[in-house]
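The values are calculated or read from the model by the stated rules, or taken from the named source; none is laboratory data. Just so it is clear, the structure is predicted and the values come from calculations on it, not from any experiment. In this analysis, Cβ positions are derived from the backbone assuming ideal geometry, glycine residues included, and neighbour counts consider all displayed protein chains.
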Amino acid sequence: MKQIMKRADAVILIAAAVIIGVMSFQIYRNGSDAALVRIDAAGRQWIYPVDQNDQLFIPGPLGHTEVVIEDGHVHIPDSPCTNKICVSTGKIQRTGQWIICLPNDVFVRIEGALPEDGEVDDVAF
Amino acid sequence: MSLSSSGRAVRIHEIAMLGAFALFLATVEYVIPKPVPFMRIGLANLPVMIGLTFLTTREYALLAFLKVFGQGIIHGTLFSYVFLFSLGGSAASVVMMLIAYRLAGRHVTFVGIAVIGAFASNMAQLFLARVFLFGEGAWLIAPPFLITGLITAVVLGLFTQQFVLSSRWLAAKQEGVRRD
Amino acid sequence: MTDRRNIPLIAGLCMLPALVFQFDLLPLLLQLGLLIIIRLLQGGRIRVKTNLMMIVTITAVNLLQAHGQVLYEIAGFEITLGALRIGLVRSLKLIALIYLSQFMISQRPAFPGRLGNLLSLQFSYYEGFLNSGLKVNPKQFIQRLDELLFQLEEHRGDPGDRFQAAGSVGWIPAAAAAAAFWVIYATAPLL
């Protein structure tokens, strides 16, 4: 312990720097990959993470459309529309997939965390 | 190593003194303006590292207890989860520094010890911050938090090494241990 | 435990769960308000700037995880109602917990046992450090520190407790504060 720094100190320091570097890389690369559920309804918008279970009641002109996020899937169990197309769509889970309830003006889609991914704007109504 | 009862009383005073020194440095750190909120220098680890050089494992654990609880009482955070951060960070760093010092004390200076301690403490605190304060966003602040922690650890380690090499007080303590 | 110095400690322990398990913003604000009033009555200070800084930082990090209705969009970044609420609850709860904790040990409760004695001894040395006027000055800092350590060792502080405690608290106001805390907690669903 006579010197101010020894070779082992340099090794520890470099190891710590490398661990932090690798972690930072992982964090900033994967951090933006988390998928989101984006819901548009009657001019308003909601965002929820896909990986957190949730039960939502989204207000539309006819009433509340129920949206359930469960184990990475999203589905609409019930909606106050007559044709129930949205209910029969079933579960969606991949980025780019969507469910729409035209009568109640509710549009549910899964997207990456980065808004500039682009595929959202390509969806034709 | 056996201590006479008077020797043990002296040792209790030394532990209390180092603990008080840690509190004093924590108070100093509290007052120093910092560029980033939540940035810590970890000044209070100086006495803890000094303690490594002449305390037994049990005494060292007592010193760690004094550092954490004393701070909780002085700053009034003992019953808030700020205390959990302090406890978690200190426990992780104290254990890692003790292991590093006992295993590799000959080959490493306090720069290395401080870096190991800071890294352990910061990882523990990030984990707690994720649970209590920041949610998943905690990982996004991890890189700047860990990098500033690394830099301050090197500075603190250099200072500790300087102190350990030149302090006459510490030399007297270590002499005392050898006599016992 | 009938020591008057332990009154805030006991009252605070009763109040703690009502704060820890509070996840609604409005009742949390009421509880924080009550704690601030207690602190001011005891003659304590409220650090507005520090608290604001904590609220802003913690809330900002929480906003990164979008959750709930989109309120605004600033340069591609969306601020969501749910995330905003979570951030505010987390930061305000932290501040409230700190004030509650400070109230609990405002009378310097005596901690029992050998560890309690060791803490008292530590505090007497701590006072020695505070009174030493040691400046954190890089010039000859180690040398001056060394001298101070020798000096403090000679004047071994007597293990007393010379902290000036904040305004003392009686059983009745302490119980009233604890009761008010739980009333706020229980009526939260009605707010």
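Worth pointing out:
Conditions (1) surrounded by 14 or more Cβ atoms within 10 Å (Cβ to Cβ); (2) farther than 30 Å from A:ARG44 by Cα, marked per residue:
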{"position": "C:PRO8", "(1), (2)": "yes, yes"}
{"position": "C:LEU26", "(1), (2)": "no, no"}
{"position": "C:GLN31", "(1), (2)": "yes, yes"}
{"position": "C:ILE46", "(1), (2)": "no, yes"}
{"position": "C:VAL61", "(1), (2)": "yes, no"}
{"position": "C:GLY68", "(1), (2)": "yes, no"}
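- The sole residue among B:PHE163, B:PHE134, B:PHE159 that is in a helix (DSSP H, G or I), among the aromatic types (Phe, Trp, Tyr), out of contact with any His (no Cβ under 7 Å at 6 or more places or on another chain) and within 16 Å of C:THR57 (Cα to Cα) is B:PHE134.
- In summary, helices (runs of 4 or more DSSP H) completely within region C:1-115 and bearing 2 or more residues that are more than 13 Å from the chain's Cα centre (by Cα) and at the interface with another protein chain (Cβ under 10 Å from one of its Cβ atoms) occur at C:7-20, C:48-63, C:81-104.
- Scope region B:80-116; condition outside any helix (DSSP H, G or I) and either surrounded by fewer than 22 Cβ atoms within 10 Å (Cβ to Cβ) or at pLDDT 85 or above (or both); matching residues: B:GLY105, B:ARG106, B:HIS107, B:VAL108, B:THR109
- Against the list (1) surrounded by fewer than 21 Cβ atoms within 10 Å (Cβ to Cβ); (2) facing another protein chain (nearest Cβ under 7 Å), the condition B:ALA171 fails is (2).
- Any hit, region B:41-57, residues being at pLDDT 90 or above, among the hydroxyl-bearing types (Ser, Thr, Tyr) and assigned to a helix (DSSP H, G or I): yes
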